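Peer 1: Here you go, one structure.
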Amino acid sequence: MKEQYDVIELLRDMVRIDTCQPEGNEKQLVNLIRDLFSSYSEDIVLTEIEHSENRSSLVIRIGPEVQGGLAFVGHLDTVSVGDRKTWSHDPHSAKLVDDTIYGRGAVDMKAGVAAMTVAALDYLNAGFKFEKPLYLVYTAGEENGCLGARAIAKSNLLEFADAFVIPEPTDIKPAIAEKGALWLRFYLEGKLAHGSKPEEGINAVEAAVDLSKLIKETMSVDLKHKLLGDFTLSVNRFEGGIMTNVIPAEAMVEMDIRTLPEQNHDRLLELIDSCINEILEAYPGLAIRLETIHNYPSLSSDEDSDFIKKIQGYVREAGLPDKVCGMTYMTDAAVLIPVYPKPFVIIGPGHESMAHQVDEAVKVESVNLALEIYKRIMKDLT
Ligand SMILES: [Zn+2]
């Protein structure tokens, strides 16, 4: 029997491997994880999905192929570091200061990934026999279009999974809902004219302003989700125009729409289409092209399901508040749950407000608590 795996050392090793977007280079981290499981090849089935030379995702199945399994899904990539000079510690040194580990990905989400990995390794090491399958799912490219989750959703690799745990940072609160994301880009093409003769042109910038306003008005709804709060729509990018005295022929607008579980994205896109048509009528000769950047539905799990009740029980036993909550960010669940409509919970170490920040950091205690809870979940639910 091996000595116990150290979750903090594993987390630090993971932070030291740079898996920043856009390159990702997740394969290096996949290799580290494969090495950890190499002595258990008899007990596991390991599938690596190669996306490109340096990018891959990994699915490990432990236990038999029978229904009733449990999947832990964590992403290996991180957002970029940004301006390195603004960091107090090198973002890939995994510096440990006063029980806090600093680095890009420390919270989002190498802490959760390390904890789910060590929880499973501890059971393999102890010779624990899983009666139902436990899946460890490591995805590439979550921060940029859910590359890995998409490939896994197309496979039948998780066909026996009946519940999902997403170890993203929630400060170890059980989150049972996440907002949807519908990101849209509009290109408007009008007609250039001299600024003194606007009637001879088709003003793409004015049309873009009107379109933005119309969409905001048309989509405004008085919807509130008890865990997720409000539906939101914001116009966050705008380009257009060349000079003060030129009627602009081109404009571009981007919108970030965050939806609630009761909102159907196809229905929202129909509303957007009706707005586009209204603007086209108001600006004869104008052309508008709509591009969907992201389209992920909002999700929620049934608070009264056995699975969620059990998760709340484990959190309570660990001495933590068990009240369910929602997360405004999206996860790989947005790709997997529509394909595998099963209960899911987002629960992981570290505070979500630390994700994507300069000096991203996680507390050792939080990682250890997550490990303890994941071990309970794995033992009781597989
Ligand atoms: Zn994340």
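The values are calculated or read from the model by the stated rules, or taken from the named source; none is laboratory data. In this text the structure is predicted, and so the values were computed from the model without any measurement. Virtual Cβ from ideal backbone geometry, glycine too; neighbours counted across all protein chains shown. Protein only, heavy atoms only, side chains kept; ligands, DNA and RNA dropped before computing areas. Shrake-Rupley method; radii C 1.70, N 1.55, O 1.52, S 1.80 Å.
Peer 1: Between the stretch 115-135 and the stretch 268-335, how far is it from one alpha carbon centroid to the other, in angstrom?
Peer 2: Here the two parts' Cα centres lie 32 Å apart.
Peer 1: Shape of the stretch 93-194 from its Cα gyration tensor (a ≥ b ≥ c, root eigenvalues): rounded if a/c is under 1.5, otherwise prolate when a/b > b/c, or oblate? Don't skip to the answer; put the middle values down first.
Peer 2: Details: a/c = 2.92, a/b = 1.65, b/c = 1.77.
Taking the square roots of the gyration eigenvalues as a ≥ b ≥ c, the stretch 93-194 is oblate.
Peer 1: Counting pairs of Cα atoms in the chain, how many percent are more than 31 Å apart? Write down the numbers at each step before the final one.
Peer 2: On the way: 30669 of 72771 pairs.
In whole percent, the long-distance tail amounts to 42.
Peer 1: Which Cα, out of M327, V364, I308, lies furthest along the positive dipole direction of the stretch 296-382 (beta carbon charges, K/R +1, D/E -1)?
Peer 2: I308
Peer 1: Report, in debye and to the nearest 20, how large the dipole of the chain comes out about its Cα centre when Lys and Arg carry +1 and Asp and Glu carry -1 on their Cβ. Display every interim value, and only then the final one.
Peer 2: Numbers: 38 positive and 61 negative charges, 91 e Å.
Taking the Cα centre of the chain as origin, the dipole is about 440 debye.
Peer 1: Give me a comma-separated list of calculated 3J(HN,Hα) values for the stretch 335-351, in order, Karplus coefficients 6.51, -1.76, 1.60 applied at θ = phi - 60°, integers in Hz, x for any Gly or Pro.
Peer 2: Each residue's phi maps through the Karplus curve to give 8, 7, 5, x, 8, 10, x, 10, x, 9, 9, 9, 8, x, x, x, 8 Hz.
Peer 1: Putting +1 on Lys and Arg Cβ atoms and -1 on Asp and Glu Cβ atoms, find which of A177, L192, L158 reaches farthest to the positive end of the dipole of the stretch 158-205.
Peer 2: L192
Peer 1: Out of residues 5 or more away from A163 or on other chains, whose amide H comes under 5 Å of its own, with H placed 1.01 Å from N in the peptide plane?
Peer 2: A71
Peer 1: I'd like the accessible area for Y40, computed on protein heavy atoms only with a 1.4 Å probe and all protein chains in place. Round to 10 Å², please.
Peer 2: 20
Peer 1: Identify the GluC sites (Glu not before Pro) of the stretch 31-119 meeting these criteria: DSSP loop state and at most 14 other C-beta atoms within 10 Å of the C-beta.
Peer 2: Working: sites: E42, E48, E50, E53, E65; in loops: E42, E53, E65.
Here the GluC sites (Glu not before Pro) that fit, given the DSSP loop and packing criteria, are E42, E53, E65.
Peer 1: What is the angle, in °, between the Cα long axis of helix 204-219 and the longest principal axis of the Cα atoms in the chain? Nearest 10 is fine, range 0 to 90.
Peer 2: 60
Peer 1: Let me ask something else about it. Determine how large the accessible area of K132 is when every protein chain is in place; take a 1.4 Å probe and give Å² rounded to the nearest 10.
Peer 2: Approximately 80 Å² of K132 is accessible to the 1.4 Å probe.
Peer 1: Here's something else I'd like to know. Return the sequence-ordered ³J(HN,Hα) values of the stretch 140-154 in whole Hz as given by the Karplus equation 6.51 cos²θ - 1.76 cosθ + 1.60 applied to θ = phi - 60°, using x for Gly and Pro.
Peer 2: Computed from phi, the couplings for the stretch 140-154 are 9, x, 5, 6, 9, x, 6, 3, x, 4, 5, 5, 5, 4, 7 Hz.
Peer 1: To the nearest 10 degrees, how steeply does helix 111-125 sit against the main Cα axis of the chain, on a 0 to 90 scale?
Peer 2: Computed tilt is about 30 degrees.
Peer 1: Tally the DSSP beta bridges in the chain and give the antiparallel ones as a percent, rounded to 5. Write down the numbers at each step before the final one.
Peer 2: Working: 53 of 70 bridges.
Bridges in the chain are about 75 percent antiparallel.
Peer 1: Next question. Cross-link partners among lysines for K132, C-alpha distance below 18 Å, same-chain residues fewer than 8 apart left out?
Peer 2: K310, K342, K375, K379
Peer 1: Can you list the lysines whose alpha carbon is less than 27 Å from that of K191, not counting same-chain residues fewer than 8 positions off?
Peer 2: K213, K216
Peer 1: Counting other Cβ atoms within 10 Å, which GluC sites (Glu not before Pro) in the stretch 198-299 have at most 15 and lie in a DSSP loop?
Peer 2: Values: sites: E199, E200, E206, E217, E239, E250, E254, E262, E270, E278, E281, E291; in loops: E262.
Loop-located and lightly packed - E262.
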